[in-house]
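Q: Below is the structure I would like to discuss, written out as structure tokens.
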There are 2 protein chains.
Amino acid sequence: MTDTPARLLNLLSLLQTPREWPGSELAERLEVSPRTIRRDIDRLRDLGYPVEATKGAVGGYRLVAGAAMPPLLLDDEEAVAIAVGLRAGAGHAIEGIEEASVRALAKLEQVLPSRLRHRVITLQAATIPLTRGDGARIDPHTLTAIAGAATGQERLRFGYRAGDGTETKRQVEPYRLVSTGRRWYLVAYDIAREDWRTFRVDRVSEPFATGSRFVPRELPTGSATELLGHTMSRQPAHNIDVTFEAPAAFVSARLPDTLGAPETTGEGTCRLRARSTDSLEWVALRLALVDCEFMVHGPPPLVQYVTDLGARLVRATPVR
Amino acid sequence: MTDTPARLLNLLSLLQTPREWPGSELAERLEVSPRTIRRDIDRLRDLGYPVEATKGAVGGYRLVAGAAMPPLLLDDEEAVAIAVGLRAGAGHAIEGIEEASVRALAKLEQVLPSRLRHRVITLQAATIPLTRGDGARIDPHTLTAIAGAATGQERLRFGYRAGDGTETKRQVEPYRLVSTGRRWYLVAYDIAREDWRTFRVDRVSEPFATGSRFVPRELPTGSATELLGHTMSRQPAHNIDVTFEAPAAFVSARLPDTLGAPETTGEGTCRLRARSTDSLEWVALRLALVDCEFMVHGPPPLVQYVTDLGARLVRATPVR
DNA sequence: CTTATATAGGTCGTGATCTGGCCTATATGG
DNA sequence: CCATATAGGCCAGATCACGACCTATATAAG
């Protein structure tokens, strides 16, 4: 208990609550002399954690933003909140940080006390995510298990359901997890097939790290995303074409950036031409939320879906 | 650099990557003898962090889940991912952990390096949240500023726009931030008015912690939520009444728990009666996503909205 | 079974470090 | 001006950390 490193960690933890701490109070809490507290503050500063101090009668210490992230000391509830937030985001994550998001989740879940784990699962079950992709929902557990195996360089076993529905058992050396905004892919070396393969994560079932380590092979093509190239290009995408009866600024403020920006076509009208790999349901929803009159020109499946959805909604209310 | 506590923090950071670390590798990285590493591992265990070790030829150390959360050591990208995730969740957060979520965000943003801060803001701006409430979007910055002032016991100055649109300047002693799932409220002691007040956070502008500390007063009514009671009861709520042409299990699996569960009314039909404070737009959206025929009986505004939305969608496609 | 390699931990001597106490300097708010 | 806060130098004594060398033990591969 009375160990120096332990006290430093405790001190960091205390300073992380957003308030000012007078040195005397810290000394009392940590059961050391004020002189030692001053030395500890010095030590933290040497370690790169910027502790700000205000002098004078109402002064105190406070941890502020610095050059590097200090270790985050979370209480139980905060840890649960972060885990739930990241899990909710793992499915239809924010553009550009999907990989980091999963890494952070894997890191957190690795050390999350088990009594908190079931709370996270319960809370997450209560939220039904809006599927942004085509309904192929991804289990956060699968994602973190794969991510963990990849960074830990452990061989991975899982069941894989191919496009035609046939289920196979795979054992691979996971290389990298990549996200395309809409879908997750695992690039890995398939041991039995003695070649590199890409797997769609939503088709992976029961991933299990065998625990046996491996030394990463060199990718033949150079980079993981390159290997994904031809898989990606086969992805179905829609050429969206919609006109809105509202200014372009109004529309773009209500549409996600991933759909691109509409161009002004006249007084109070604009047109959106975009290539999207998002699901039609998602696109239709976003269009409906723009809250102005619009006209869908294509693609035909989207026209069909919007027509059907509109008809269903009209049927859903009593005729006047 | 050659400090013992610094090395321990580094060690914790290394062990947090989900992989196994042989003692020799750790020794090399931290530039100490393997014996010292073993001692450090011992120290970490004494501190309560469960370091698991596997013996044998391919053994190594690894941090596992224990009784308490160890300090999370995040790299830049992971920190950004968490911040963005929490911010996105702050608006329409997950039931039951809103407060903890905001606390975690406040803690993180307090120490987030400024070069990461603008990345967070940029990324967040790219995502347009589906407003679950009635469009009164809440600025995460406002939320964290208030939360920080409340836990730090600092006086707070802000502009407040009353229901009739008049803007007033307030200076308060913030007591607690409470969330009702749909809305955020600040319970505080208004210094000028010398009484307790509740403020809607979405009407607060430019919160600013003055830095002057105060000793928390006793709440006259006992608890913050109690004080909120009469404010809350004036909240508009809708009595939703919808029948679905699908089994209750099918429907409840596609509806959020907050709307309650539908009851079976016949062979393949069910009825949902719920009281909701969510916005009509949100409810209509969720209903449309159930993906089956349904009929909205009430409330009248919801019927109207669904009719209008359906009509707009029908108009949005070329007539055949 | 044998061998290699990993964790686990005891012991010891040297040298560094940490602590508390006491001192002064300095900035701030009332 | 005064009380109170941070900042930090100096010193003496106790403690602790380190590396080196040792043995015990579990595991995987051959």
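The values are calculated or read from the model by the stated rules, or taken from the named source; none is laboratory data. Quantities reported herein were computed from a predicted structural model and do not represent experimental measurements. Note that each Cβ is placed from the backbone with ideal geometry, even for glycine, and that neighbours are counted across all protein chains shown. The protein model used for the area step is the full one, side chains on, heavy atoms only, and it has no ligands, DNA or RNA in it. Shrake-Rupley method; radii C 1.70, N 1.55, O 1.52, S 1.80 Å.
Q: Which one is farthest from A:A27 (Cα to Cα) among residues in segment A:55-66 that are open to solvent by less than 60 Å² (accessible area, probe 1.4 Å) and within 8 Å of DNA strand D (Cβ to nearest atom)? Even if it seems obvious, please write down each step before you answer.
A: Our first condition is that a residue be open to solvent by less than 60 Å² (accessible area, probe 1.4 Å); within segment A:55-66, this holds for A:59-66.
Filter once more, keeping what is within 8 Å of DNA strand D (Cβ to nearest atom): A:59-61.
Working: A:G59: 15, A:G60: 12, A:Y61: 12 Å.
Top of the filtered list is A:G59.
Q: Of the residues in segment A:276-307, how many are more than 7 Å from every other protein chain (Cβ to nearest Cβ), charged (D, E, K, R) and open to solvent by 40 Å² or more (accessible area, probe 1.4 Å)?
A: 2
Q: A follow-up question, please. Which of the residues belonging to segment B:1-30 are among the acidic types (D, E) and over 21 Å from A:L44 (Cα atoms)?
A: To start, the set of residues in segment B:1-30 that are among the acidic types (D, E) comprises B:3, B:20, B:25, B:28.
Selection gives B:E20, B:E25, B:E28.
Q: Also, I was wondering about something else. The conditions are (1) within 11 Å of another protein chain (Cβ to nearest Cβ); (2) surrounded by fewer than 18 Cβ atoms within 10 Å (Cβ to Cβ); (3) under 35 Å from the mean Cα position of the chain (by Cα), and B:L44 fails exactly one of them. Which is it?
A: Exception for B:L44: condition (2).
Q: Sticking with this one: Give me a count of the residues in segment B:1-21 that are outside any helix (DSSP H, G or I) and among the hydrophobic types (A, V, I, L, M, F, W, C). It would help to see each step written out before you state the result.
A: Just the residues of segment B:1-21 that are outside any helix (DSSP H, G or I), to begin with: B:1-3, B:17-21.
Now narrow it down to the ones that are among the hydrophobic types (A, V, I, L, M, F, W, C): B:1, B:21.
Matching residues across segment B:1-21 total 2.
Q: Something else now. Anything in segment A:23-39 that is more than 10 Å from DNA strand D (Cβ to nearest atom) and not polar (S, T, N, Q)? List them, or say none.
A: A:E28, A:R29, A:L30, A:E31, A:V32 - these are the residues of segment A:23-39 that are more than 10 Å from DNA strand D (Cβ to nearest atom) and not polar (S, T, N, Q).
Q: Would segment B:215-233 turn up any residue that is at pLDDT 80 or above, hydroxyl-bearing (S, T, Y) and either crowded, with 19+ Cβ neighbours inside 10 Å or over 20 Å from B:R286 (Cα atoms) (or both)?
A: Initial filter on segment B:215-233 (at pLDDT 80 or above): none.
Scanning segment B:215-233 turns up no residue that is at pLDDT 80 or above, hydroxyl-bearing (S, T, Y) and either crowded, with 19+ Cβ neighbours inside 10 Å or over 20 Å from B:R286 (Cα atoms) (or both).
Q: For residues that are touching a residue at least 40 places away in the same chain (Cβ under 8 Å) and not in a helix (DSSP H, G or I), scanning just segment B:62-78, find the one that is nearest to DNA strand C (Cβ to nearest atom).
A: Residues of segment B:62-78 that are touching a residue at least 40 places away in the same chain (Cβ under 8 Å), as a first pass: B:62-63, B:70-73, B:76.
If we keep only those that are not in a helix (DSSP H, G or I) too, we end up with B:62-63, B:70-73.
Numbers: B:R62: 10, B:L63: 12, B:P70: 17, B:P71: 19, B:L72: 23, B:L73: 20 Å.
Result: B:R62.
Q: While we're here: Report whether or not A:R103 is within 16 Å of DNA strand C (Cβ to nearest atom), within 10 Å of chain B (Cβ to nearest Cβ) and in contact (Cβ under 8 Å) with a residue 24 or more places away in the chain. Full working, then the answer.
A: Working: within 16 Å of DNA strand C (Cβ to nearest atom): no; within 10 Å of chain B (Cβ to nearest Cβ): yes; in contact (Cβ under 8 Å) with a residue 24 or more places away in the chain: yes.
No, not satisfied.
Q: Considering only segment A:136-159, state which residues are away from chain B (no Cβ under 14 Å) and open to solvent by less than 20 Å² (accessible area, probe 1.4 Å). Quick ask: steps written out before the conclusion?
A: Within segment A:136-159, the first condition is being away from chain B (no Cβ under 14 Å), and the residues that meet it are A:136, A:138-139, A:142, A:157-159.
Hits for segment A:136-159 are A:T142, A:F158, A:G159.
Q: Looking at segment B:1-57, which of its residues are within 11 Å of DNA strand C (Cβ to nearest atom) and among the hydroxyl-bearing types (S, T, Y)?
A: Listed by number, the residues that qualify are B:T2, B:T4, B:S24, B:S33, B:T36, B:T54.
Q: So which residues in segment A:3-41 are exposed (fewer than 15 other Cβ atoms within 10 Å of the Cβ) and polar (S, T, N, Q), if there are any at all?
A: Within segment A:3-41, A:S24, A:S33 qualify.
Residue-wise test of (1) of a type in the set (A, V, I, L, M, F, W, C); (2) in contact (Cβ under 8 Å) with a residue 24 or more places away in the chain; (3) more than 10 Å from chain A (Cβ to nearest Cβ).
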{"position": "B:S24", "(1), (2), (3)": "no, no, yes"}
{"position": "B:P50", "(1), (2), (3)": "no, no, no"}
{"position": "B:G56", "(1), (2), (3)": "no, no, yes"}
{"position": "B:G60", "(1), (2), (3)": "no, yes, no"}
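Q: Within segment A:168-214, which residues are charged (D, E, K, R), part of a strand (DSSP E or B) and under 30 Å from A:S276 (Cα atoms)? Spell out how you get there, then give the answer.
A: Filtering segment A:168-214 for residues charged (D, E, K, R) gives A:169-170, A:173, A:176, A:182-183, A:190, A:193-195, A:197, A:200, A:202-203, A:206, A:213.
Within this subset, residues satisfying the condition of being part of a strand (DSSP E or B) are A:169-170, A:173, A:176, A:190, A:195, A:197, A:200, A:206, A:213.
A:R176, A:R197, A:R200, listed by residue number.
Q: Let me ask you something else. Of all residues being of a type in the set (V, I, T) and free of Cβ contacts under 8 Å to residues at least 24 places away in the same chain in segment B:160-173, which is least open to solvent (accessible area, probe 1.4 Å)? Just the residue, please. Talk me through it step by step, then tell me what you get.
A: Keep residues of segment B:160-173 that are of a type in the set (V, I, T), which gives B:166, B:168, B:172.
When the remaining residues are screened for being free of Cβ contacts under 8 Å to residues at least 24 places away in the same chain, the result is B:166, B:168.
Numbers: B:T166: 73, B:T168: 45 Å².
Across segment B:160-173, the extreme among qualifying residues is B:T168.
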